[in-house]
Amino acid sequence: MDIKSVGVIGAGQMGNGIAHVFALSGFDVHLTDVNQDALDKALGLIRKNLDRQTSRGKIEQSAADAAIGRINTTLTLADLGATDLVIEAATERETVKSAIFEDLQPHLKPSTILTSNTSSISITRLASRTDRPEKFMGFHFMNPVPVMQLVELIRGIATDEETYKTLLGVVEKLGKTAASAEDFPAFIVNRILMPMINEAVYTLYEGVGNVRSIDESMKLGANHPMGPLELADFIGLDTCLAIMNVLHDGLADTKYRPCPLLTKYVEAGWLGRKTQRGFYDYRGEEPVPTR
């Protein structure tokens, strides 16, 4: 199937990045959200990121201008029904995602491929609640989308070969690399990454080290570009907790039990960079550890 138009559901951190890379790669993009402010903010951020790429000589100004011209925004979910490919990038809650696909379903073309950018939720289960489980896949981008090269492709039990091959071709056109994953909780990247972050939070919780010593140890001792607690703030502590809960529930192994301190931070609304406080306080000129 030749994919030319793409619908992106959700204009947040992931959605605006997905819209950015698709528009830059020549696809017509329809970006939707329930909030006009979120759409306006997303377009502003896309322009800013395109300008950064232009200033660094990575793309031509004409390419940046053309990319912005390919992005249409709408508050009406049904407007995405005529697209060839839909990528759901809403909040990491299964009930929300299922409701979105249910609302969109009556407006879809028979050939439209449905995908979710979920980082952990069962693709088979999401697909089973649609009218086209054979044309449903996990399409998991890494954050920040314009920078990170990997895309996880996750087949549900019913996904057909044509859908898989079509999305492989899309990833190639985006200039990214696909990693094929089986449909088990958190797939590949987050199955490995999130327990590491959770263990870093346990290390903090148990007083083995403070925020700064834990992050410095992993940056200088394991050559990680970002410490695990700094990375958790970047991802969003609510997202980290949601993925750990999916792992814990889905695999029934106590090694995936979310650290109580991670839960406490989320309960406090300290979700990381997006709320200006997490394991670091970002309200000043320099991030300051909160523990």
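Answer with yes or no whether Ile68 is within 17 Å of the chain's Cα centre (by Cα), at pLDDT 95 or above and either more than 22 Å from Leu153 (Cα to Cα) or outside any helix (DSSP H, G or I) (or both). Explain how you work it out, then say what you get.
Values: within 17 Å of the chain's Cα centre (by Cα): no; at pLDDT 95 or above: yes; either more than 22 Å from Leu153 (Cα to Cα) or outside any helix (DSSP H, G or I) (or both): yes.
Against the criterion (within 17 Å of the chain's Cα centre (by Cα), at pLDDT 95 or above and either more than 22 Å from Leu153 (Cα to Cα) or outside any helix (DSSP H, G or I) (or both)), Ile68 does not qualify.
Counting just the residues of region 71-122 that are hydroxyl-bearing (Ser, Thr, Tyr), in a loop (DSSP other than H, G, I, E, B) and within 16 Å of the chain's Cα centre (by Cα), which one comes out nearest to Val6 (Cα to Cα)?
Thr118
Considering only region 141-169, how many residues are under 16 Å from Met1 (Cα atoms), touching a residue at least 40 places away in the same chain (Cβ under 8 Å) and touching a strand residue (DSSP E or B) at 6+ places or on another chain (Cβ under 7 Å)?
The number of residues fulfilling the criteria is 3.
How about region 138-150: which of its residues are surrounded by fewer than 23 Cβ atoms within 10 Å (Cβ to Cβ) and either in a helix (DSSP H, G or I) or of a type outside the set (S, T, N, Q) (or both)?
Scanning region 138-150 gives Met142, Pro144, Pro146, Val147, Met148, Leu150.
Just checking, does region 94-113 include any residue being surrounded by fewer than 14 Cβ atoms within 10 Å (Cβ to Cβ), basic (Lys, Arg), at negative phi and touching a residue at least 60 places away in the same chain (Cβ under 8 Å)?
No.
Take region 142-174 and flag every residue that is touching a helix residue (DSSP H, G or I) at 6+ places or on another chain (Cβ under 8 Å) and either over 16 Å from Ala19 (Cβ atoms) or among the hydroxyl-bearing types (Ser, Thr, Tyr) (or both).
Leu150, Glu152, Leu153, Ile154, Arg155, Gly156, Ile157, Ala158, Thr159, Asp160, Thr163 - these are the residues of region 142-174 that are touching a helix residue (DSSP H, G or I) at 6+ places or on another chain (Cβ under 8 Å) and either over 16 Å from Ala19 (Cβ atoms) or among the hydroxyl-bearing types (Ser, Thr, Tyr) (or both).
Looking at (1) farther than 25 Å from Gly236 by Cβ; (2) in a helix (DSSP H, G or I), find the lone condition where Lys58 falls short.
Against the list (1) farther than 25 Å from Gly236 by Cβ; (2) in a helix (DSSP H, G or I), Lys58 comes up short only on (2).
How many of the residues making up region 243-291 are under 20 Å from the mean Cα position of the chain (by Cα) and among the basic types (Lys, Arg)?
Going through region 243-291 one residue at a time, the tally reaches 2.
Rundown of residues vs (1) hydroxyl-bearing (Ser, Thr, Tyr); (2) without any contact (Cβ under 8 Å) to a residue 60 or more places away in the chain; (3) part of a helix (DSSP H, G or I); (4) not assigned by TED's automatic domain parsing to the domain that holds Glu172, yes/no style:
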residue: Val21; (1), (2), (3), (4): no, no, yes, no
residue: Val29; (1), (2), (3), (4): no, yes, no, no
residue: Asp37; (1), (2), (3), (4): no, yes, yes, no
residue: Lys41; (1), (2), (3), (4): no, yes, yes, no
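Any idea which of (1) more than 25 Å from Val21 (Cβ to Cβ); (2) small (Gly, Ala, Ser); (3) modelled with pLDDT under 95 is the one Ala186 doesn't satisfy?
Single failed check for Ala186: (1).
May I ask you to list the residues in region 114-137 that are crowded, with 24+ Cβ neighbours inside 10 Å, more than 21 Å from Asp238 (Cβ to Cβ) and β-branched (Val, Ile, Thr)?
Thr115, Ile123
Report, by residue number, each residue of region 58-89 that is closer than 30 Å to Asn245 by Cα and surrounded by 21 or more Cβ atoms within 10 Å (Cβ to Cβ).
Matches in region 58-89: Leu85, Val86, Ile87, Glu88, Ala89.
For region 218-233, name all the residues that are assigned to a helix (DSSP H, G or I) and surrounded by fewer than 16 Cβ atoms within 10 Å (Cβ to Cβ).
Step one: filter region 218-233 for residues assigned to a helix (DSSP H, G or I), giving 218-221, 228-233.
Hits for region 218-233 are Lys219, Leu220, Gly221.
The values are calculated or read from the model by the stated rules, or taken from the named source; none is laboratory data. Quick caveat: nothing in here was measured; it's all calculated off a predicted structure. Virtual Cβ from ideal backbone geometry, glycine too; neighbours counted across all protein chains shown.
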